[in-house]
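The values are calculated or read from the model by the stated rules, or taken from the named source; none is laboratory data. Please read all numbers here as calculations on a predicted model, not as lab measurements. With ideal geometry, Cβ positions are generated from the backbone for all residues, glycine too; neighbour counts draw on all protein chains shown.
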Amino acid sequence: MENINNSIAVLVRKLNPITKLLIVFCLGIGCLIYPLPFVGYGVLCLLVILGILIGQGKQVLKLIVGFGIPVTLMLLFIQGLYSPNNKTMIADFGFAQMGLEGTMYALKISSTLLIFLAAFYLMLQTTKNSETVAALTQSGLNMKLGYLILASLNVVPQMQRKVKVIQEAQESRGVETSGSFIQRTKAFLPLIGPVVLSSLTDAQERGMTLETRGFGISGDKPTSYIKVETTGLDIVLRMIAICFLISSLLPRIL
Amino acid sequence: MTSTLIQVNHFSYRYNQETEVALKNVHFEVASGEFVAIIGANGSGKSTLCNALVGLIPNYFVGFSEGSIIVDEKDTAAVSVGELSQTIGLVFQNPFNQLSYTADTVAEELAFGLGNRGVPREQMFSKIKEIAELIQIDELLDKNPLELSGGQVQRVALASAIILEPKILVLDECTTQLDPIGSRQIMNIIKKLNENGITIVMVDHDMERVAKLADKVYVIQHGTIVLGGTPEEVFCSPHLAEFSVNPPDYYEITKKFIKPGYSERDFALTESQAISLLQEVILYEDRNQKPQA
Amino acid sequence: MRQSFFRRFLQTQFSTKALVLIPIAVGINLIGGTLSSTLKLPLFLDMIGTVLIACLAGPWVAALCGLATNLFLSIVTNPVFLPFSIVSVLCGLVTGYLVKAGFFKNKLGVVITWLACTLTNAISAAFITIFIYGGATGINSSSLFTAALIATTKEIMLSVFSTSILENLIDKGIVFLIAYWLVKKIPRRFSSQYAPLDKDYLLKGRKGS
């Protein structure tokens with residue numbers, strides 16, 4: 001997490017993680033429900049502006065360009081040219097015709113994808129994972145699921161570091177990591193075997209630790225060291241998010 | 001005035017699908033405030049015994065048991081490990097397997113056990129502060145536990161156990177993976193905890209340390225307690241070598257050079273005993289040599 | 001009533017001992033990804049841990065492990081992976097139940113588990129790719145292959161499905177090969193802690209009290 005401390009960044013960071021999750025969800029689903037793709041691109045522009053305001057503009061744009069453009073092109077190719085729903089043709093490429101219905105569908109999916117991507121990215125950049133989990137458990141998420149999310153986020157990088165260290169050691173000892181497929185596999189397997197097996201015994205001891213710290217004992221309602229507040233701003237933003245979702249439903253119902 | 005805190009009643013245990021029993025008819029008692037050491041060769045059942053004392057056997061591990069273990073009037077088979085942890089805490093060898101892996105800071109790590117018990121957030125702060133001072137980790141509270149050294153993490157593990165205010169602390173080779181400085185720091189804290197009234201059951205390989213700290217020593221071999229008593233009784237036993245245990249180095253050395261008449265004792269188990277013995281020897285030599293000079 | 005059943009289900013299926021395996025298995029799943037990129041393969045190999053955990057702790061823990069893997073990928077790399085959680089969960093369940101039925105004991109059983117898992121994965125992944133993503137989730141070798149198939153067959157459904165099945169057949173094949181090799185290496189002292197109780201009370205021939 002970068003430390004950009006303008007007032008907007010601080011404000012976003014202080015929001016309740018549940019509020020942020022709700023906004024991500026409502027924006028994404030809302031744009032998916034709304035019949036036309038342009039709302040989605042409008043929302044995406046707003047997200048980029050928000051990203052710039054909190055000092056994440058470059059990263060958000062990189063994400064959109066790096067992931068969004070290829071996906072959009074691919075979807076335009078698949079749906080625009082070959083969707084069975086295509087009735088109104090808008091262009092002819094010789095080998096195939098481009099249909100309006102498929103094109104619109106492709107644009108809507110790509111815009112929804114990008115909104116989820118950008119909004120989720122901004123949320124992660126402004127929220128500590130432990131805060132999100134604390135907020136979720138305080139509003140009823142099972143403790144064990146909360147543990148799983150946090151423990152995975154902490155354990156996996158540690159294991160990846162372990163593998164990398166062994167990999168580097170292997171390379172420095174001259175073990176072939178290039179060469180034919182069989183050769184490379186032969187070099188890699190003995191490398192991960194010990195990591196996997198030692199990790200399993202580690203897991204057993206970590207379970208002992210959880211037990212002796214009273215993890216999951218029934219009876220007491222667990223409390224958290226991390227304080228999660230719900231301010232007036234949270235309530236207002238949640239209302240707006242839900243209103244956005246409902247208003248995107250209206251054109252479908254009416 | 002001492003009361004019995006732990007009662008191990010003819011306890012036997014076999015892990016699921018193993019062909020050998022891990023503990024065989026183990027029977028002993030620990031009094032309140034005592035410092036008990038358990039020694040023995042690798043694979044003799046010391047760790048199994050520790051896991052049984054804190055209730056991980058039979059509640060966490062899968063296997064078969066016989067007999068019972070009563071800790072502070074609670075049968076370990078009848079209550080959960082979590083409930084028992086308010087009475088008896090465990091610290092074991094690998095420091096990094098004693099973290100919850102859910103905490104970003106040491107303070108959160110210490111709060112983990114309190115949170116599971118439903119301790120209100122406001123009370124957590126004072127408890128964390130108090131324990132951090134006692135275990136000397138106050139300057140680590142804001143650090144990420146995964147980025148600390150082994151010795152530091154082990155102190156955090158110790159603090160996480162102590163913060164639940166247990167009457168007994170079980171230490172299973174808790175300094176084996178640490179450097180000499182780290183392990184000395186841990187042992188100093190443990191000594192202090194014992195002085196504060198916490199009962200200690202410690203598995204250790206450092207015989208001199210055992211002799212120095214323990215009130216009582218039990219030797220375990222093939223899952224059975226084969227010898228027990230004060231450090232002196234145990235380390236002076238002629239059968240010690242049969243149980244693959246060696247007395248402290250001081251014992252061997254002093255036994256060799258102390259001749260009858262030097263002192264009332266003819267052996268030392270710890271550094272301070274050896275020093276005082278050596279002083280007596282020097283005094284004796286001085287006394288006997290002066291007239292001739 | 002329903003609540004208490006759910007809670008009991010959680011309590012029995014997800015003991016602490018099973019739960020702590022999941023982060024490790026997620027790690028193993030992702031090491032598979034590292035493996036495939038080291039071997040320069042256009043595959044995921046992201047189910048080795050799930051298969052291991054299915055062998056140790058059963059179908060539901062494996063399913064949860066699949067969910068956790070996709071959750072992790074969504075948080076750390078790209079939320080595109082989130083809908084594919086369903087695929088991982090289904091694969092975990094299928095593998096877990098087949099292992100439970102004794103299919104992992106011999107090589108033929110492993111082959112059957114591999115094919116069942118491949119089919120589950122291919123069908124469910126194809127459904128998600130088509131109905132949630134409209135046919136592609138990015139530009140990579142498999143989506144290019146799909147696009148080429150679509151261009152020749154003009155059939156989106158068929159093309160996505162064929163790509164998916166071909167990709168999964170190879171991917172799961174390597175996964176099951178490695179997992180089978182690893183499962184046999186797990187020390188009995190460890191795996192017996194997850195196995196059902198043997199029959200003898202304390203020891204054969206010894207009288208129980």
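Test of understanding: among A:Leu249, A:Leu197, A:Leu191, which residue is surrounded by fewer than 18 Cβ atoms within 10 Å (Cβ to Cβ), assigned to a helix (DSSP H, G or I) and touching a residue at least 12 places away in the same chain (Cβ under 8 Å)?
On the way: A:Leu197 fails: touching a residue at least 12 places away in the same chain (Cβ under 8 Å); A:Leu191 fails: surrounded by fewer than 18 Cβ atoms within 10 Å (Cβ to Cβ).
Criteria check complete, one pass: A:Leu249.
Show the residue pairs that are 6+ apart or on different chains and have beta-carbon atoms under 9 Å apart, the first residue being within region A:41-57 and on the phi < 0 side of the Ramachandran plot, the second being acidic (Asp, Glu).
A:Gln56/A:Glu2
This table checks each residue for (1) among the hydrophobic types (A, V, I, L, M, F, W, C); (2) within 16 Å of B:Ala77 (Cα to Cα); (3) buried (at least 22 other Cβ atoms within 10 Å of the Cβ).
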residue: B:Glu20; (1), (2), (3): no, no, no
residue: B:Phe28; (1), (2), (3): yes, no, no
residue: B:Ala37; (1), (2), (3): yes, no, yes
residue: B:Gly43; (1), (2), (3): no, no, no
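Just to be sure I understand, how many residues within region B:31-81 are of a type in the set (A, V, I, L, M) and outside any strand (DSSP E or B)? I'd like the intermediate steps shown before the answer.
Taking region B:31-81 first, the residues of a type in the set (A, V, I, L, M) are B:31, B:36-39, B:41, B:49, B:52-54, B:56-57, B:62, B:69-71, B:77-79, B:81.
Add one more test, that the residue is outside any strand (DSSP E or B), and what stays is B:41, B:49, B:52-54, B:56-57, B:62, B:77-79, B:81.
Going through region B:31-81 one residue at a time, the tally reaches 12.
How about region C:138-184: which of its residues are assigned to a helix (DSSP H, G or I), buried (at least 16 other Cβ atoms within 10 Å of the Cβ), at the interface with chain A (Cβ under 9 Å from one of its Cβ atoms) and among the small types (Gly, Ala, Ser)?
C:Ser143, C:Ala147, C:Ser159
List the number of the failed condition for B:Phe267; all other conditions in (1) crowded, with 16+ Cβ neighbours inside 10 Å; (2) aromatic (Phe, Trp, Tyr); (3) in a helix (DSSP H, G or I) hold.
For B:Phe267, the failing item is (3).
Counting only residues that are within 7 Å of chain A (Cβ to nearest Cβ) and buried (at least 23 other Cβ atoms within 10 Å of the Cβ), how many does region B:72-88 have? Step through it out loud before you land on a result.
First pass over region B:72-88, keeping only residues within 7 Å of chain A (Cβ to nearest Cβ): B:80-83, B:85.
After this cut, where a residue has to be buried (at least 23 other Cβ atoms within 10 Å of the Cβ) as well, the list is B:81-82, B:85.
Residues in region B:72-88 being within 7 Å of chain A (Cβ to nearest Cβ) and buried (at least 23 other Cβ atoms within 10 Å of the Cβ): 3 in total.
Scan region B:82-97 for residues that are in a loop (DSSP other than H, G, I, E, B) and in contact with a helix residue (DSSP H, G or I) (Cβ under 9 Å, 6 or more places away or on another chain) and report the count.
4
When region A:64-80 is examined, which residues are found to be at the interface with chain C (Cβ under 7 Å from one of its Cβ atoms), closer than 22 Å to A:Ala91 by Cβ and out of contact with any Asp or Glu (no Cβ under 9 Å at 6 or more places or on another chain)?
Just the residues of region A:64-80 that are at the interface with chain C (Cβ under 7 Å from one of its Cβ atoms), to begin with: A:67, A:70-71, A:74-75, A:77-79.
Filter again for closer than 22 Å to A:Ala91 by Cβ, leaving A:70-71, A:74-75, A:77-79.
Across region A:64-80, the qualifying residues are A:Pro70, A:Val71, A:Met74, A:Leu75, A:Phe77, A:Ile78.
Please specify each residue of region C:5-61 satisfying the condition of being in contact with a Leu (Cβ under 8 Å, 6 or more places away or on another chain) and more than 11 Å from chain A (Cβ to nearest Cβ).
Correct list: C:Asp46, C:Pro59, C:Trp60.
Cβ-Cβ under 8 Å, sequence separation 6+ or interchain: first residue in region B:111-123 and facing chain A (nearest Cβ under 7 Å), partner modelled with pLDDT under 90 and surrounded by fewer than 14 Cβ atoms within 10 Å (Cβ to Cβ). Which pairs?
B:Asn116/A:Asp220; B:Arg117/A:Asp220; B:Gly118/A:Asp220; B:Gly118/A:Lys221; B:Arg121/A:Lys227
Restrict the check to region C:106-121 and report whether at least one residue is within 30 Å of B:Glu20 (Cα to Cα) and out of contact with any strand residue (DSSP E or B) (no Cβ under 6 Å at 6 or more places or on another chain).
Of all residues in region C:106-121, those within 30 Å of B:Glu20 (Cα to Cα) come to C:106.
Next, only the ones that are out of contact with any strand residue (DSSP E or B) (no Cβ under 6 Å at 6 or more places or on another chain) stay: C:106.
For region C:106-121, residues within 30 Å of B:Glu20 (Cα to Cα) and out of contact with any strand residue (DSSP E or B) (no Cβ under 6 Å at 6 or more places or on another chain): present.
Restricting to region B:38-74, and then to whatever is in contact (Cβ under 8 Å) with a residue 24 or more places away in the chain and of a type in the set (Asp, Glu), can you tell me which residue is farthest from C:Thr12 (Cα to Cα)?
B:Asp72
Given the options B:Ser65, B:Ser12, name the one that is within 14 Å of chain C (Cβ to nearest Cβ), touching a Leu at 6+ places or on another chain (Cβ under 9 Å) and within 30 Å of B:Pro247 (Cβ to Cβ).
Working: B:Ser65 fails: within 30 Å of B:Pro247 (Cβ to Cβ).
Matching residue, one of B:Ser65, B:Ser12: B:Ser12.
Restricting attention to region B:179-187, does a residue exist that is surrounded by 17 or more Cβ atoms within 10 Å (Cβ to Cβ), closer than 23 Å to B:Ser32 by Cα and in the same structural domain as B:Ser47 (by TED's automatic domain parsing)? Full working, then the answer.
Pass one, region B:179-187, residues surrounded by 17 or more Cβ atoms within 10 Å (Cβ to Cβ): B:182-183, B:185-187.
If we keep only those that are closer than 23 Å to B:Ser32 by Cα too, we end up with B:186-187.
Applying the additional criterion that residues be in the same structural domain as B:Ser47 (by TED's automatic domain parsing) yields B:186-187.
Within region B:179-187, one or more residues are surrounded by 17 or more Cβ atoms within 10 Å (Cβ to Cβ), closer than 23 Å to B:Ser32 by Cα and in the same structural domain as B:Ser47 (by TED's automatic domain parsing).
Hey, which of the helices (runs of 4 or more DSSP H) in region B:98-200, taking only ones fully inside, have at least 1 residues that are more than 24 Å from the chain's Cα centre (by Cα)? Break it down into steps so the answer makes sense when it comes.
Numbers: elements: B:106-116, B:121-134, B:150-162, B:180-195.
By residue number, B:106-116, B:121-134.
Determine if region A:229-244 includes at least one residue that is among the aliphatic types (A, V, I, L, M) and more than 27 Å from the chain's Cα centre (by Cα). Spell out the reasoning first.
As a first pass, look at region A:229-244 and keep what is among the aliphatic types (A, V, I, L, M): A:233, A:235-237, A:239-242.
Next cut, more than 27 Å from the chain's Cα centre (by Cα) only: none.
The answer is no, given that none of the residues of region A:229-244 is among the aliphatic types (A, V, I, L, M) and more than 27 Å from the chain's Cα centre (by Cα).
I need a count of the residues in region A:119-170 that are β-branched (Val, Ile, Thr), away from every other protein chain (no Cβ under 11 Å) and either within 21 Å of the chain's Cα centre (by Cα) or not in a helix (DSSP H, G or I) (or both).
Step one: filter region A:119-170 for residues β-branched (Val, Ile, Thr), giving A:126-127, A:132-133, A:137, A:149, A:155-156, A:163, A:165-166.
Going one step further and asking which of them are away from every other protein chain (no Cβ under 11 Å), we end up with A:126, A:165.
Add one more test, that the residue is either within 21 Å of the chain's Cα centre (by Cα) or not in a helix (DSSP H, G or I) (or both), and what stays is A:126.
Qualifying residue count, region A:119-170: 1.
For B:Lys191, work out the one condition from (1) over 21 Å from B:Val30 (Cβ atoms); (2) among the charged types (D, E, K, R); (3) in contact with a helix residue (DSSP H, G or I) (Cβ under 8 Å, 6 or more places away or on another chain) it doesn't fulfil.
The one condition B:Lys191 does not meet is (1).
Of the conditions (1) assigned by TED's automatic domain parsing to the domain that holds A:Gly207; (2) in contact with a Phe, Trp or Tyr (Cβ under 7 Å, 6 or more places away or on another chain), A:Ile149 clears all except one; give me its number.
The single condition A:Ile149 does not satisfy is (2).
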